[in-house]
Amino acid sequence: MQPSSIFRRTAWELVGPLDENVHIALDVDLWLRMAKAGCRFVSIDSLLSTALSHKNAKTTAFRNLGVIDCAIVVMRHGGEKAARSYLEEVAARLTYSEQKLNKIINNPVIRLVAPVIKLFVKPVIRWRDATPPWSNQNKTARKK
C-alpha cells in the first residue's frame with residue numbers, strides 16, 4: 001500500500017484527469033497511462049507520508065472489488081494475460097471456499113443446531129450492505 005505519490009505537473013497534464021469510472025484502482029490507471037506516455041518513475045527511500053488503514057476504508061472494506069478493479073484496469077492497458085491468470089486464481093480460491101462452506105452448512109449436526117445458533121448470532125450481512133455505493137448492483141437493487 002502506498003499512501004501517496006508525487007509527480008510532475010507536466011505528467012498530469014499529459015495523461016490526466018483521473019478516470020471516474022475506476023473506483024479503487026485510480027492510481028494504477030494513472031500510472032499505466034503515465035508509463036505509456038513515456039514518463040519515468042523513480043523510487044525513493046524517504047518516508048513522505050503515512051496512511052491510516054481501517055475497516056471502512058475503501059481498499060480495506062472492498063478488498064476483492066479492488067482486485068477486480070485493478071484487473072480491469074490492467075486489461076484495458078494490454079495486460080489481459082497477467083490479469084486473467086490472477087483472476088482465474090481468485091476464482092479457484094472462491095470455488096474452493098464455496099465448496100467448504102457448503103459442506104459446513106449441509107452438515108447434519110449444523111442443521112440440527114442451526115435454529116439455536118440463530119437465536120444468538122446476528123444475521124449475515126445482506127449483499128446490499130456489503131456492496132459499495134458506486135456498484136451497479138446496488139443501484140439496481142434500490143430501484144426495486
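The values are calculated or read from the model by the stated rules, or taken from the named source; none is laboratory data. Quantities reported herein were computed from a predicted structural model and do not represent experimental measurements. As a convention, Cβ positions derive from the backbone with ideal geometry for all residues, glycine included, and neighbour counts pool all protein chains shown.
Only one of these conditions is not met by Lys58: (1) over 28 Å from Pro133 (Cα atoms); (2) under 23 Å from the mean Cα position of the chain (by Cα). Which number is it?
In the conditions (1) over 28 Å from Pro133 (Cα atoms); (2) under 23 Å from the mean Cα position of the chain (by Cα), Lys58 misses (1) alone.
So is Arg63 over 16 Å from the mean Cα position of the chain (by Cα), of a type in the set (D, E, K, R) and under 22 Å from Glu20 (Cβ atoms) or not?
Details: over 16 Å from the mean Cα position of the chain (by Cα): no; of a type in the set (D, E, K, R): yes; under 22 Å from Glu20 (Cβ atoms): yes.
Answer is no for this residue.
From the list Thr59, Thr50, which one is modelled with pLDDT under 85 and of a type in the set (Val, Ile, Thr)?
Values: Thr50 fails: modelled with pLDDT under 85.
Sole residue among the options that is modelled with pLDDT under 85 and of a type in the set (Val, Ile, Thr): Thr59.
If we keep just the residues of the stretch 1-50 that are in a loop (DSSP other than H, G, I, E, B) and polar (S, T, N, Q), which is farthest from Arg63 (Cα to Cα)?
Residues of the stretch 1-50 that are in a loop (DSSP other than H, G, I, E, B), as a first pass: 1-8, 16-25, 37-50.
Among the residues that remain, those that are also polar (S, T, N, Q) are: 2, 4-5, 21, 43, 46, 49-50.
On the way: Gln2: 15, Ser4: 19, Ser5: 21, Asn21: 17, Ser43: 25, Ser46: 27, Ser49: 22, Thr50: 19 Å.
Residue satisfying both the conditions and the ranking: Ser46.
Taking the stretch 118-139 as the search range and keeping residues that are of a type outside the set (D, E, K, R) and surrounded by 10 or more Cβ atoms within 10 Å (Cβ to Cβ), which one is modelled with the highest pLDDT?
Keep residues of the stretch 118-139 that are of a type outside the set (D, E, K, R), which gives 119-121, 123-125, 127, 130-138.
Cutting the leftovers down to surrounded by 10 or more Cβ atoms within 10 Å (Cβ to Cβ) gives us 127, 130-132, 134-135, 137-138.
Working: Trp127: 58, Ala130: 69, Thr131: 76, Pro132: 79, Trp134: 76, Ser135: 76, Gln137: 66, Asn138: 60.
Here the answer is Pro132.
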